[in-house]
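Some notes on the structure that comes next.
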Amino acid sequence: MDSSLTRRGQACWYKKIGDAWYIAINDAVTIESLVYKVIKRHFSGDPCYVQLLDLMMETTLQTELGQLSDTLCDVLDLKDLTPSRWELIVTYKTSFYSFYLSVALGMVYAGITDKAAYDAA
């Protein structure tokens with residue numbers, strides 16, 4: 001989405017498929033759907049099932065909003081990239097799924113319900 005040539009040392013997927021970007025969109029939606037299928041398969045009978053789903057959906061939304069913010073900043077002049085915009089991007093684009101999600105999923109599964117504990121995570 002940011003026109004990079006490589007991602008994590010590999011050629012970006014969109015560079016490998018050229019103009020078939022619509023396949024990438026379908027793959028992204030399919031992968032997201034599989035996340036919910038895996039959660040259902042392993043946790044549907046668990047009391048924390050709904051909370052796990054909610055956490056995944058919330059994190060997905062936050063990440064998508066962060067990616068959108070980053071993409072929209074591509075058209076801004078450098079002077080318009082304020083510290084608050086930068087903080088929004090780094091917080092929402094990757095930090096929720098990279099850092100918070102794994103801790104919060106474990107907390108949900110462990111039955112932790114204290115909001116302050118999640119805020120501290």
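When the Karplus curve 6.51 cos²θ - 1.76 cosθ + 1.60 is applied with θ = phi - 60°, which whole-Hz ³J(HN,Hα) does each residue of segment 45-51 get, with x for Gly and Pro?
x, 8, x, 8, 3, 5, 5
Helix 21-43 against the longest principal axis of the chain: what's the angle in degrees, Cα atoms only, rounded to the nearest 10?
10
What are the semi-axes of the equivalent ellipsoid for the chain, taken as the square roots of 5 times the Cα gyration tensor eigenvalues, largest first, in whole Å?
Semi-axes, largest first: 30, 22, 11 Å.
Tell me, what ³J(HN,Hα) does each residue in segment 100-110 have, in order and in whole Hz, if you take phi through Karplus 6.51 cos²θ - 1.76 cosθ + 1.60 with θ = phi - 60° and put x for Gly and Pro?
In residue order, the calculated couplings are 5, 4, 5, 5, 5, 4, x, 5, 4, 5, 7 Hz.
Over the alpha-carbon set of segment 70-121, work out the extent along each principal axis and list the three values in angstrom, largest first.
Its Cα atoms span 46, 17, 11 Å along the three principal axes.
Report the Stokes-Einstein translational diffusion coefficient (µm² s⁻¹, integer) for segment 26-73, Rh taken as the Kirkwood radius over Cα pairs, at 25 °C with viscosity 0.890 mPa s.
206
At 7 Å along the Cα-to-beta-carbon direction for both HIS42 and ARG85, put a label point, then send me their distance in nm to one decimal.
It is 3.9 nm.
Bear in mind these aren't lab numbers, they're just calculated from the coordinates by the rules spelled out. Worth saying up front: this structure is predicted, and the values here are computed from it rather than measured. Every residue, glycine among them, receives a Cβ derived from its backbone with ideal geometry; neighbour counts consider all protein chains shown.
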